[in-house]
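Taking it in order: structure first as C-alpha cells, then the write-up.
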Amino acid sequence: MSRSTLIKASSLAAALLAAAAVTPASAGSCVTKAAEGTGSDEKAAKFQVDEALLQAVDWGAWASWMANGTTPGYKYGARKYKCSKGGIGVVCRGSAKICKL
C-alpha cells in the first residue's frame with residue numbers, strides 16, 4: 001500500500017469509530033471525547049484527532065470545520081494531545097470538551 005492509501009485508510013477507520021460513538025447533544029450540554037489519529041508527521045496526526053473528535057459529536061459541525069474552520073452551534077474546546085512515533089509516522093491520542101450552544 002502507498003503512504004497516501006494508508007493515510008486515507010486511517011482517516012476512514014477513525015471516521016467509522018467516531019460514527020459508532022455518536023451521542024446526540026442537547027443545548028447547553030457538554031461532552032468530553034477522545035480519539036486517535038495517525039499521520040506522516042505530528043501536525044497530520046493531530047488533524048486526524050481533531051476530525052475524529054468532531055465526527056463523534058456532530059457530522060454537520062465536522063463538515064463546517066473542514067470547509068471553513070467554524071463549528072456552528074458548538075464550542076470546540078482546547079484539545080489535549082499525547083503523540084509518539086508509530087504507525088506510518090506519528091500516532092496522537094487526544095481529547096477535547098465540546099459543548100452544544
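So how much slack lies between A63 and F47, counting 0.36 nm per residue of separation and subtracting their Cα-Cα distance, in nm?
Details: separation 16, 0.36 × 16 = 5.76 nm, distance 1.38 nm.
Stretched out fully, the A63 to F47 stretch lengthens by 4.4 nm.
Which of the lysines could be linked to K100 by a straight reach, that is with a Cα gap under 25 Å, when you skip same-chain ones fewer than 8 residues away?
Correct list for K100: K33, K46, K75, K80.
At 0.36 nm per residue, minus the direct Cα-Cα distance, what do A78 and V31 gain on full extension? Give it in nm, one decimal, please. Show your work: numbers first, answer last.
Working: separation 47, 0.36 × 47 = 16.92 nm, distance 1.28 nm.
Value of the extension gain: 15.6 nm.
Bear in mind that the values in this text are calculations on the coordinates, not laboratory data. Just so we're clear, the structure is a prediction, and the values are computed from it rather than from any experiment.
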